[in-house]
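Every read-out reported here was derived from the displayed coordinates using simple, explicitly stated rules and does not represent laboratory data. Predicted model only: the values in this text are computed from it and were never measured. A quick note on method: Cβ atoms are made from the backbone with ideal geometry, for glycine too, and the neighbour counts reach across all protein chains shown.
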Amino acid sequence: MSRRHWVVTLLLILITSAAHTVIWFHGAAANPYAVLLLVPIAAAMLLLPFVLAWLVVLLTIAGQLLQLIAPIAAHEHMISHYHAMVNGQLFAATLLGITLHYLRWRLQRQELALYALHQRQARDEQLVAIGTAAAQFSHELGNPIQAIQLLLEQSLIAQPDHPELQQVSIQTQRLQQLLNDWREVAEDVRSHRQRSFTPQQLLQQLRDAWLLIRPDVSVTWHGQTIRGELIADRTLLPALLSLLQNAAQASDDQHIDVYYSSSAGHWQLSIINHSEQPEYVEQLGRRLLPSKHTGAGAMLSSATIERFNGKVQWQREQQQVITKVSLPLHQSCPAESA
């Protein structure tokens, strides 16, 4: 609640108090202008946070109740009528407060949904731009690699036992294989080709790949065998590896913990690293952030896992950053679906 909210609250309370005072000395419950006290209630519900708005409503209702004990110069048979007027105003004030509270709550939920949709649309546009650049880069990279391979083959014919040339040849072949893998992944995404595998198979692939790319960072795996199957394409493994890589790069002690379990029909994976995390860690995966460790990678991984009806969340707990991945488990599914 800001200072402006408190100023508006104080102003509405003063207006309500002044109106109650005038009504008290001018007929009290018999004063028909008491219905105008509904205006500050409507203003409070539209302008203030719900706590302060209901404070104004309760003060207004309390002032209206006090009108019942004010002395009224009227015939005895009119007293019940005046009391009924106050009771009607109390009912109207309560109904107005509840109605405006509900409508404003619904409006806030719709605004949050629209904001989330706008953020997701902006993220998708960034992903399209990144994907387009990556496709163009891989296409342009193919020709130089093929030219280098051709030159290496000619050089190896002339010097077949040259050790440096053999090492360069191995590395260029690896680059060519990576490009071929990229084309296969792109084809799977284009044709919506997915397959099923168990969590144990995915975890084993994660362990094997991690030992190859980051043997310097130790990972402790915690969990047990989980029944069920996951359905995804080949982009799931790189997405999970990217999350592990982000955690490893941000870790202060070159160690991360991975916990896996199942809950409510979902496979849960939690990646924990010790680090001085930035304040914007909760925004990871939603948009590009100014982080040298987790920027586009977090956004790409989050979008990839969402394609499989999963979810990625980041949170801070003291000196730890926790990356939580959730993917739906299927009891039975085909080996591959196009």
* Asked: By average Cβ neighbour count within 10 Å, what is the ranking of 148-158, 252-262 from highest down?
  -> 252-262, 148-158
* To do: Could you check the simple spin-label distance between Gln201 and Leu14, using points 7 Å along Cα→Cβ, in nm with one decimal?
  => 7.3 nm
* Structure fact -> Of 2-8, 269-275, ordering from highest average Cβ density within 10 Å down gives 269-275, 2-8
* Projected-area mean, the stretch 3-113, by convex hull of Cα positions, square nanometres -> 6.8 nm²
* Asked: What order do you get for 103-109, 36-42 when each peptide is scored by the mean count of other beta carbon atoms within 10 Å, highest first?
  -> 36-42, 103-109
